[in-house]
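One structure is given here, and the rest of the page talks about it.
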Amino acid sequence: MKKSRLFQVVISIIFCLTFLNAVEAETLTVATGEWAPYTSEAVEGYGFCSEITTAVVKEMGMDVTYEFYPWKRCEHYITKGKAWAALPYYKNPDREEKYVFSDSIAPSRSVFFYYKDKLNGVDWKTIDDLKSYKFGGVLGYGNHETLQKNGFNVDFAADEIMNLKKLRAGRIDIFPMDELVARSLIKNNLPEEIGNFNTLSKPEAEYPLYLIVDKQNKKSVELVEQFNSALKRIKEKGIYSKILQKYNLNE
């Protein structure tokens, strides 16, 4: 009788552990960084790219958890299997060699910021028209590193807010940056300067933003295919547009 009861207890424990493992397997870990309003640990829902991703993963019948790291570490963690995916990322040739990209999860627009009237009236047709100016750059940002490789004078800093402060101090002339991120940083960190940061009329570029996974991880790649199908479905259901409207954005 005692042996039978012990056997039942053991079977129950095994069942519980199996169930817990199954639940855990349904939670995807996504690595991201601080880049408000797209992604931010400081806001409800972790920013609109994260909210879109949460809605997509829910549509897939799974859960998601977000872990915030420096951007280089996000990429490292997906190649080491510590995270399923990282977001949001632009496409570039180096990344396309290593990662599989989801369908675009959001649009973005990069513009050239300057301080007060320093570059008033400056127009450009090709990026080389701006080669005489001193640029600000963020370490690890591919588009900024490309400028340096192409012969531009780029003064790098650890993050965007340091570059905005260098613009204000006159240590750099121009800083290419995502417009929404810059406006958010200025509002939260330099509110007295909101009217003093201006942009050239022509944007640097408009980039779709993506979720990325390790190209060598077969399971991760299969999940991206499911992700793309679910992303399409939440757009058809109107969930996607509602998230953008929450942030006063358009598709």
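Taken together, the residues in region 34-45 that are surrounded by fewer than 22 Cβ atoms within 10 Å (Cβ to Cβ) and touching a residue at least 12 places away in the same chain (Cβ under 8 Å) amount to 4.
Which ones in region 75-88 are assigned to a strand (DSSP E or B) and of a type outside the set (A, V, I, L, M)? Once the filter is applied, which keeps residues that are assigned to a strand (DSSP E or B) and of a type outside the set (A, V, I, L, M), region 75-88 yields only PRO88. The residues listed here are LYS80, LYS72; of these, the one that is surrounded by fewer than 19 Cβ atoms within 10 Å (Cβ to Cβ), in contact with a Gly (Cβ under 6 Å, 6 or more places away or on another chain) and either outside the structural domain of GLY195 (by TED's automatic domain parsing) or acidic (Asp, Glu) (or both) is LYS72. Filtering region 163-189 to residues that are more than 21 Å from CYS49 (Cα to Cα), crowded, with 16+ Cβ neighbours inside 10 Å and hydrophobic (A, V, I, L, M, F, W, C) leaves LEU164, LEU167, ILE172, ILE174, PHE175. Taking the conditions exactly as written (surrounded by 15 or more Cβ atoms within 10 Å (Cβ to Cβ), in the same structural domain as ASP123 (by TED's automatic domain parsing), within 24 Å of SER40 (Cα to Cα) and in contact with a Phe, Trp or Tyr (Cβ under 9 Å, 6 or more places away or on another chain)), does VAL224 satisfy them or not? Against the criterion (surrounded by 15 or more Cβ atoms within 10 Å (Cβ to Cβ), in the same structural domain as ASP123 (by TED's automatic domain parsing), within 24 Å of SER40 (Cα to Cα) and in contact with a Phe, Trp or Tyr (Cβ under 9 Å, 6 or more places away or on another chain)), VAL224 does not qualify.
In region 183-223, the residue that is farthest from SER102 (Cα to Cα) out of those that are touching a strand residue (DSSP E or B) at 6+ places or on another chain (Cβ under 6 Å) and assigned to a helix (DSSP H, G or I) is ILE186. Counting just the residues of region 54-74 that are in a helix (DSSP H, G or I) and touching a residue at least 60 places away in the same chain (Cβ under 8 Å), which one comes out nearest to ALA31 (Cα to Cα)? Step by step, filter region 54-74, then rank; the result is TRP71. For region 129-158, residues that are within 23 Å of the chain's Cα centre (by Cα), exposed (fewer than 15 other Cβ atoms within 10 Å of the Cβ) and either outside any helix (DSSP H, G or I) or among the hydroxyl-bearing types (Ser, Thr, Tyr) (or both) total 2. When LYS98 is tested against (1) at pLDDT 95 or above; (2) surrounded by fewer than 16 Cβ atoms within 10 Å (Cβ to Cβ); (3) within 27 Å of ASN196 (Cβ to Cβ), exactly one condition is not met: (3).
Pairs are defined by a Cβ separation below 6 Å, a sequence spacing of at least 6 or placement on different chains, a first member in region 206-218 that is under 25 Å from PHE48 (Cβ atoms), and a second member that is among the basic types (Lys, Arg) and assigned to a strand (DSSP E or B); the pairs so defined are GLU206/ARG109.
The values are calculated or read from the model by the stated rules, or taken from the named source; none is laboratory data. Just so it is clear, the structure is predicted and the values come from calculations on it, not from any experiment. When we count neighbours, we look across all protein chains shown, and the Cβ atoms used for this are built from the backbone with ideal geometry, even at glycine.
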